[in-house]
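Written below as structure tokens is the structure these notes are about.
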């Protein structure tokens, strides 16, 4: 039983809820902000902040734990491992050794550095006008 243990259930079974949160977190880290319903945004906030805390830790175990919590997709950009610079194409990189940037690499290189001086509160939820089709309350969740 879940006495005194609040969970955002989102009206879904546990496996579907986990997949929705993984997908939303992956999109949030890829684009920096996403528009979703208020209920999903409120469920995503603690989930994403836990992953960012893992990224700030930065060790191999944290990387593996974070990899289990998100879908590690390519972002379409290229990353120079030595300097940490990001390029839109391989031609821009020139002779430098580059690898495809994934969400996990972006999380540990860019987002962790941005959030380095914060002790929490890595995301922000802003209310938006209701959705036209069903008047569902919408929200914009962004990385701070």
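Helix 14-31 and the long axis of the chain differ in direction by around 50°, with both axes built from C-alpha atoms. In a fully extended conformation the segment linking residue 38 and residue 72 would gain 9.8 nm over its present Cα-Cα distance, using 0.36 nm per residue. Rounded to the nearest whole angstrom, the semi-axes of the ellipsoid equivalent to the range 49-113, taken from the Cα gyration tensor as √(5λ), stand at 23, 12, 9, largest first. Computed over the range 27-119, relative contact order equals 31 percent, with contacts defined as Cα pairs under 8 Å that lie 6+ residues apart. Taking 11 Å as the cut-off, no amide N atom of the range 52-79 comes nearer than this to a point 7 Å along the Cα-to-beta-carbon line of residue 116. In plain terms, the residue of 75, 123 with the fewest other Cβ atoms within 10 Å comes first and the most crowded comes last, giving 75, 123. Roughly what percent of Cα-Cα pairs across the chain reach past 24 Å? Summing the P(r) of the chain above 24 Å gives 38 percent of all pairs.
The C-alpha atoms of the chain define a longest principal axis, and helix 60-69 lies at about 50 degrees to it. Result for the chain in a Gaussian network model with C-alpha springs under 10 Å: among 95, 49, 116, the largest mean-square fluctuation is at 95.
In the range 32-79, the C-alpha radius of gyration followed by the widest Cα-Cα span (Dmax) gives 12.6, 35 angstrom.
Fewest-first ordering of 104, 126, 143, 28 by other beta carbons within 10 Å of each residue's beta carbon gives 126, 143, 104, 28.
Only the coordinates and a few stated rules stand behind these numbers; no lab work does. None of these values were measured; they are calculated from a predicted model. Note: ideal-geometry Cβ built from the backbone for every residue, glycine included; neighbour counts use all protein chains shown.
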